[in-house]
Amino acid sequence: MMSYRCFRLHLVLFFVLLFAPSIWAQEPTNYYVSAEGKSQAQLKTALYNIIKQHTALDYNSLNVLFRSTDWHPPVDGYPNGYFWDMYSDYKRTSWTGLNREHSMPKSWFGILSDQENSAPIGCDLHNLYPSDAYANSLKSSCPLGEANGTAVQKNTIIKVGPSTYPGCNEIVFEPADEYKGDFARTYMYMVTCYEDYASVWQNKGTISMLYNNTYPTFKPYAVSLLLKWNAEDPVSDKEIVRNNVVYDLQHNRNPFVDHSELADFIWGTRKNELWSLDVGPAEAPKIFGVHYDSETDEISVHINKPEQATYFIENENGVMLQTDKFSSLGSASVAGLKNGFYILTVYTGNKRETGKFLIVR
């Protein structure tokens, strides 16, 4: 059976072919070397000095560039792929109905409105994503957060509503679980790449998230939330591919995608340690893994007594498609499922585990 490492390699190669030639850009040798041996504020500032200089792109041309940075691989029904929208479940093959969305709202930048899309901070691809226009309008300038369970908006995969997360009492924007890490690492990038904007961050919409300083910049509630999302939703192949393509276009990288453990050395439990390139995410939580083997058309998990576990498979819209028990080897056939992304939930004893997998035949 294909190993997980081989599966990831096949998936990355699939993306490489999709995005060639831009994807060949990789993290340059010694790109982060000047940040080694530092932590907390010094580490954040060292990263700022590495990534602050970059090419300012044309905001009005971004919908074309999104075909390289945010184009979903082909799946059944969409043989040529579609715009990868982290805000809704629509699968659009044309730009109609989409916006160029600033993940961190441009109203926070503290610059004149006529500069919001022309200044480097306003046209930074690391912060801009294709978004369903309706979902974009719902999000508005809300801070990130976890909203109450009744706030799911029709035809979107976001929530906008009163915060349920300790330390925040505002109306917040909550992305889908599979993209929470993407948003967390985007916000970490923004307050790092634009550290020189610290004194002008606007209070509107940022009451719970930002201080007007270079460190820690994030308020306690925001630090807790973003570290949680960074850990619970690890860096995906989507982010790796996107980071490489943006680097090819814009000539700077998101350090928190390349090295997600940086967040812990700047704001988290490892901030009293000195970061280095080989340290790795030593304190990252163990992630439940589900592996798809295209040769056998099966998924597999590594758990004790898998034949006693019950599993459920849902599509990206939360529709239940398959439920059963695993074989004694921890495998299950998914031959009846189409190409695409799926969510696996496993109940074993008193434990509940959730993982994601992609079927590409």
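The values are calculated or read from the model by the stated rules, or taken from the named source; none is laboratory data. Note that the coordinates shown come from a computational prediction; the quantities given were computed from them, not determined experimentally. Methodologically, a virtual Cβ is constructed for each residue, glycine included, from the backbone with ideal geometry; neighbour enumeration extends over all protein chains shown. Quick note on the areas: whole protein, heavy atoms, side chains included, nothing else; ligands and nucleic acids left out. Shrake-Rupley method; radii C 1.70, N 1.55, O 1.52, S 1.80 Å.
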* Asked: Got a sec? Which residues in the range 29-65 would a label at residue 316 touch, if it sits 7 Å along Cα→Cβ and we count backbone N under 20 Å?
  -> 63-65
* Structure fact -> The lysines whose Cα lies under 21 Å from the Cα of residue 219, excluding any fewer than 8 residues away in the same chain, are 44, 106, 139, 180, 204, 228, 271
* Taking only Cα atoms of the chain, radius of gyration then Dmax in Å -> 20.4, 63
* To do: For 320, 209, write out the residues from largest to smallest accessible area, computed with a 1.4 angstrom probe and no ligands counted.
  => 320, 209
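Return the FRET efficiency for the residue pair residue 294, residue 107: r is the Cβ-Cβ distance, R0 is 51 Å, and the value is rounded to the nearest 0.05. Could you put the intermediate results ahead of the total?
Working: r = 45 Å, r/R0 = 0.89.
FRET efficiency, residue 294 to residue 107: 0.65.
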* **Ranked order, 152, 172, 257 - accessible area, probe 1.4 Å, largest first** => 152, 257, 172
* To do: Roll a 1.4 Å probe over the protein heavy atoms and report the accessible area of residue 319 in Å², nearest 10.
  => 70 Å²
* For residue 33 and residue 177, what does the FRET efficiency come to when R0 = 25 Å and r is the distance between their Cβ atoms, rounded to the nearest 0.05? -> 0.10
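For the range 130-208, what is the Kirkwood hydrodynamic radius in Å, using each pair of distinct C-alpha atoms? Walk me through the intermediate numbers first.
Numbers: mean 1/r = 0.0744 Å⁻¹.
That comes to 13.4 Å for the range 130-208.
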* To do: List, in order, the whole-Hz ³J(HN,Hα) value for each residue of the range 128-135 obtained from phi through the Karplus relation with A = 6.51, B = -1.76, C = 1.60 and θ = phi - 60°; use x for Gly and Pro.
  => 10, 9, x, 9, 3, 4, 5, 4
* To do: Leaving ligands, DNA and RNA out of it, rank 352, 92 by accessible area with a 1.4 Å probe, largest first.
  => 352, 92
* Structure fact -> Reported to the nearest 10 Å², residue 237 has, with a 1.4 Å probe, an accessible area equal to 20 Å²
